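Take a look at the structure set out below.
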Amino acid sequence: MSKQKVIGTQYGITITKPWNTAMYDHNDKVAGQMKVAIFKALNIAFNKNDEDELRFVAKAICAYGHGDGYSLDDIHADACRQLDMVQNYWLNDWCWPELLEHKLVEPIDVDFVGYDKK
């Protein structure tokens, strides 16, 4: 069994390398909060029939754009499916920061742990 290296603490969680169960559990809870906010942003853009905003939110989630020929319904449905499966690292590295920067989601009071530790 490999020994875990303790790197520090954050939000009362001991940060280790390799990651421990408490870190994974915390990050899954954070991801859940982010996904709720992102789903809301998707629905706002969809309900406004704002194609540019919907495409932007969907691309932040999916990491690919939807070309011409995709209806708003298609884009929304695909983004919702992808959001359900999006990995925490993608939320941390790209999706959440991109949507925050464009003020399409509101900040939450906690963040992921373990990603910024070497």
| What does the helix-only formula give at 222 nm for the chain: each DSSP H stretch with n ≥ 4 adding -39500 (n - 2.57), the total divided by the residues, and the result rounded to the nearest 500 deg cm²/dmol? | -16500 deg cm²/dmol
| field | Cut-off 19 Å, label 7 Å out along Cα→Cβ of VAL6, residues of the range 81-118 by amide N | value | 113-115, 117-118
| Cα centroids of the range 10-84 and the range 86-118: how far apart, whole angstrom? | 10
| request: Multiply the residue gap between ASP84 and ILE44 by 0.36 nm, knock off their C-alpha separation, and tell me the result in nm, one decimal place. | output: 12.7 nm
| 5 Å binning of all Cα-Cα separations within the range 1-40, expressed as whole percents from 0 upward | 6, 22, 24, 17, 14, 9, 5, 2, 0
| In what sequence, highest mean first, do 35-44, 16-25, 64-73 appear when ranked by Cβ atoms within 10 angstrom? | 35-44, 16-25, 64-73
| message | So if I restrict to the alpha-carbon atoms in the chain, what is the Rg, and what is Dmax, the biggest pairwise distance, in Å? | response | 16.4, 54
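So how strong a dipole does the chain carry about its Cα centre when Lys and Arg Cβ are +1 and Asp and Glu Cβ are -1, to the nearest 20 debye? Present the calculation step by step, with values, prior to reporting the outcome.
On the way: 13 positive and 18 negative charges, 165 e Å.
The calculated dipole for the chain is roughly 800 debye.
Throughout, read-outs are computed from the coordinates displayed, never taken from laboratory work. These numbers come from a predicted model, not from an experiment. Every residue, glycine among them, receives a Cβ derived from its backbone with ideal geometry; neighbour counts consider all protein chains shown.
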